[in-house]
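The structure appears below as C-alpha cells.
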Amino acid sequence: MEEKHSKRRRIVNLIVIAAVIVVMIVAACVTTADSVQQTFWALVPPIIAIVLALVTKEVYSSLFIGILAGALLYSGFNFEGTMLHVFDDGIIAQLSDSYNVGILIFLVILGVLVSLMNKAGGSAAFGEWAGKHIKTRVGAQLATIALGILIFIDDYFNCLTVGSVMRPVTDKHHVSRAKLAYLIDATAAPVCIIAPVSSWAAAVSGYAPEGTNGIQLFIRTIPYNFYALLSIAMMIMLTVSKTDYGPMALHEKNAVVNNDIYTTPDRPYANAGDDKISSRGKVVDLVVPVVVLVICCVIGMIYTGGFFSGTDFVDAFANCDASRGLVYGSAVALVITLIMYLVRRVLTFKECMDCVPEGFKSMVAPILILTFAWSLKAMTDSLGAKEYVAAVVKSSAEGFMNWLPAIIFLIAVFLSFSTGTSWGTFGILIPIVINVFPASDPMMIISMSACMAGAVCGDHCSPISDTTIMSSAGARCNHLNHVTTQLPYAMTCAAVSCVTYVIAGFVKSWVISLPCGLAILFATILIIRGREDPAIRAAK
C-alpha cells in the first residue's frame, strides 16, 4: 500500500513539474520582458513556487524554481539577465537590506535565547510546573492561545516565544506539533493586526491620510477585522469542542493514539536543544527571560520611534522601526539572561557560549526559507505585481460598492498568499481604498479592514509567508506539515469572513455583521464536529 501511494505521488510530482515546464515554454514563446510587466504573468512565479511546495513537499527547491521563473520572465529568457536578476536583484539584494538583516539577527538572538532557556532547564521546569496546573490537552491548548494573545507586540516575537514556552506543556499532553504550530500561527498575525500597540498597527497607521491620526484610524478598523477576530474565536471553539478535521485530524489522532507528536518521518527539530539540561533550572529561568524580552523589545521599538527624544508613546510606536527595535531589545535581553544564569550558577560560561552556535543552527532552516521567500517577493515586485493588482481593485470598485469589502478581502487573500507578505499587501491596497472612499464614509473603514483581514488570511495560508515559517520554527514542526494541516482551518475561517464582509457591505455595522459571522462559524464547526469519529474525540 505504501509503495503504491509513493508511486502515485511520484507520478503527480512529475505531472506538476511537466506542467511548470510547459508554462515556462509557453511564456518564452508568447512574452517579452516588456509584455509581462503589470500583467497576470507577474503572479505566475509565486503560484509556481506554492504549487510545487504543496505537491512535492519540498520547500527549498520550490521557492528557488519560483525565483528562477520570475527572473526568466523579467529578463525575457536571457541567460545573463536571469543570473543577474536572481542573485544581484534577488538573493544578494534581500540579504543586503537593513530591515531584512535586522530580522535575521533577531531570529538568531531568539534562537540563542531559546537554546539557553532549554539548556538551563527553564523550559523543563516550566513544563513540570505546568503539568501540575494544566491537567488536560484542552487546558494545554487554551494556555497556548492565552499566551499567544498576551504577546501581541510582534508576530515574529510571538511565534518563537510562545513556541519555546509552550512546547514542553503541549508535548506532555500529546498535542501534535502541527496543532501547536497552528495555535501559534493563529495567535501571531491575527492578534497583532487587532492590537493598537504592535508593530503591525505601526505599519498600517503609516498609510493614514494626511491630517488623520493613524492609530485612531487603526482602532476604528478593529471591530471589522473579521478574519482576525473569527480566527481567534475558531481556535477556542475547536479546542473546547475537541474538534479536528482535514490533515490535522490525522496528526492529532497519531499524537493521541500512538504518542507520536510529529506523524511524518521528517522531523528536523526532534532532538534540538534537548541534551545536557541543567538540573538547577527553575521556572524563573524561563519566565524572567521571556518577561525581560517583552519589556526590552517594547522599549527598543519605541526608542527607534523617538520616544526618548520627546515623541509621545503612541506616535513613537506608530513611527518605530520594528526590525531595529527587536534587535536592540532582544540583544539586551540576551545579555541580562546570560548574567542571570551565570550569577545563579545555572550554567557555566562555556555552556552559555555553546548555546550560541546551537541557537544559530536551530534557525538555519527558517533563515534559508525566509531568504528565498523575500527573493521571490522581489521577483514579483520587479514584474509589476503591485500595479496589476491595484488596477484590478480599482476596476472592481465601479458598480460593486456594497460588495466591495468582500471583493477587496478576496483580492488581498490572493495577493498575500501569492507573495507571502501581509505588509506588502497593505502597501498596495490601503492607499487605493483611502482614495476610493471619503474619510467620512463608513465603507472606507470596512474596506480598510477587509484589506487588512485578507492580507492576514493570505499570509496565514501561504507556505512562503515569513509568519508561517516562524510558526513552524517556534513549534519545531515540519514546515509543510504545518502548511497542509493549517490550510483547511484557515480556508474555513476565510469563507465565513467573506460572507461576513458581504453582510457588512450592506448593513455597514459591525454590531450586526460580527455576531452573524460568529453564528455562521459556530454552526460550521458544529456540522464538522458531527462528522468526526467520537472515539477519537473522547480520547482527546
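The values are calculated or read from the model by the stated rules, or taken from the named source; none is laboratory data. Here the structure is a predicted model, which is why all the values come from computation and not from measurement. Positions of Cβ are generated from backbone atoms using ideal geometry, with glycine treated the same way; all protein chains shown enter the neighbour counts. The area values use the complete protein model at the heavy-atom level, side chains included, leaving out ligands, DNA and RNA. Shrake-Rupley method; radii C 1.70, N 1.55, O 1.52, S 1.80 Å.
Observations on the model:
- Filter pass, R476 being among the basic types (K, R) and either over 22 Å from the mean Cα position of the chain (by Cα) or open to solvent by less than 10 Å² (accessible area, probe 1.4 Å) (or both): no
- Any pair with Cβ under 7 angstrom, 6 or more apart, that starts in region 157-175 at a residue that is of a type in the set (G, A, S) and ends at one that is in a helix (DSSP H, G or I) and surrounded by fewer than 24 Cβ atoms within 10 Å (Cβ to Cβ): none
- For the condition in contact with a Phe, Trp or Tyr (Cβ under 9 Å, 6 or more places away or on another chain) and either open to solvent by less than 40 Å² (accessible area, probe 1.4 Å) or at pLDDT 90 or above (or both), G306 does not qualify.
- Selected residue (criterion: modelled with the highest pLDDT) from residues of region 311-336 that are outside any loop (DSSP other than H, G, I, E, B) and hydroxyl-bearing (S, T, Y): Y328
- Qualifying residues in region 356-374 (those that are surrounded by fewer than 16 Cβ atoms within 10 Å (Cβ to Cβ) and aliphatic (A, V, I, L, M)) - the one nearest to L95 (Cα to Cα): L368
- Filter pass, L142 being under 26 Å from S465 (Cα atoms), assigned to a helix (DSSP H, G or I) and open to solvent by less than 10 Å² (accessible area, probe 1.4 Å): no
- Verdict on I339 being open to solvent by 10 Å² or more (accessible area, probe 1.4 Å) and in a helix (DSSP H, G or I): yes
- Picking from residues in region 195-242 that are hydroxyl-bearing (S, T, Y), farther than 17 Å from L514 by Cβ and not in a loop (DSSP other than H, G, I, E, B), the one that is modelled with the lowest pLDDT is S199.
- Candidates are the residues of region 345-391 that are in contact (Cβ under 8 Å) with a residue 40 or more places away in the chain and assigned to a loop (DSSP other than H, G, I, E, B); the one that is nearest to the chain's Cα centre (by Cα) is M363.
- Selected residue [closer than 21 Å to G148 by Cα, surrounded by fewer than 24 Cβ atoms within 10 Å (Cβ to Cβ) and modelled with pLDDT of 85 or more] from L526, L487: L487
- Number of positions in region 312-333 that are surrounded by fewer than 24 Cβ atoms within 10 Å (Cβ to Cβ) and aromatic (F, W, Y): 2
- Hey, F40 under 26 Å from L415 (Cβ atoms), modelled with pLDDT of 90 or more and not β-branched (V, I, T) or not: no
- Long-range neighbours under 7 Å by Cβ, at least six apart or interchain, first residue at positive phi within region 292-309, second in a loop (DSSP other than H, G, I, E, B) and of a type outside the set (G, A, S): G306/N319
- For region 345-355, the set of residues classified as out of contact with any Phe, Trp or Tyr (no Cβ under 6 Å at 6 or more places or on another chain) and crowded, with 16+ Cβ neighbours inside 10 Å consists of V346, E351, C352, D354, C355, listed by residue number.
- Helices (runs of 4 or more DSSP H) (entirely within region 1-119) containing at least 1 residues that are open to solvent by less than 10 Å² (accessible area, probe 1.4 Å) and at negative phi: 2-30, 44-56, 59-75, 79-86, 98-119
- Scan of region 228-251 for residues that are more than 20 Å from the chain's Cα centre (by Cα) and over 18 Å from A523 (Cα atoms), ordered by number: A249, L250, H251
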